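Heads up, the thing below is written out as structure tokens.
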Amino acid sequence: MLHVVLDEQGLDDVEITTDTRFHDDLDLESIDLVTLGGHLTARYGDRINFAEFLAGLELEEIIYLTIGELAAYVAGCLRDAGER
């Protein structure tokens with residue numbers, strides 16, 4: 001899903017690791033996070049509430065959000081929902 005968003009931004013050749021930051025490393029803006037949230041909702045339904053996740057973060061935490069932090073959130077939600 002992230003690759004789809006990155007491809008839309010012309011960043012399809014960027015190396016992504018768990019430490020990659022959405023803002024600093026990928027230069028994604030809030031609208032890009034909304035798009036990613038839409039992809040997550042389309043794939044996982046209400047098991048992943050990305051907007052609620054972001055709402056629970058301070059602005060600085062959103063700015064420094066990493067791929068690994070998002071992956072951990074998604075994995076936790078799916079685990080809580082009984083998926084693997």
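Quick note: the coordinates plus some simple rules give every number you see, no bench work behind them. Here the structure is a predicted model, which means the values were calculated and not measured. Don't worry about glycine lacking a Cβ; one is built from the backbone with ideal geometry, like all the others, and counts go over all protein chains shown.
What ranking of D24, D46, D32 emerges when the number of other C-beta atoms within 10 Å of each C-beta is taken as an exposure proxy, fewest first?
D46, D24, D32
For helix 30-44, what angle does its Cα long axis make with the longest principal axis of the chain, in degrees from 0 to 90 and rounded to 10?
Relative to the chain, helix 30-44 is tipped by roughly 40 degrees.
Mind putting a number on the dipole of the chain about its Cα centre? Charges go on the C-beta only, +1 for Lys and Arg and -1 for Asp and Glu, and I need it in Debye to the nearest 20.
Here the size comes out at about 560 debye.
Neighbour counts of other C-beta atoms within 10 Å: give me L6, L59 arranged from fewest to most.
Result, fewest neighbours first: L59, L6.
Can you give the alpha-carbon Rg of the chain over 2.2 N^0.38 Å, where N counts its residues?
1.05
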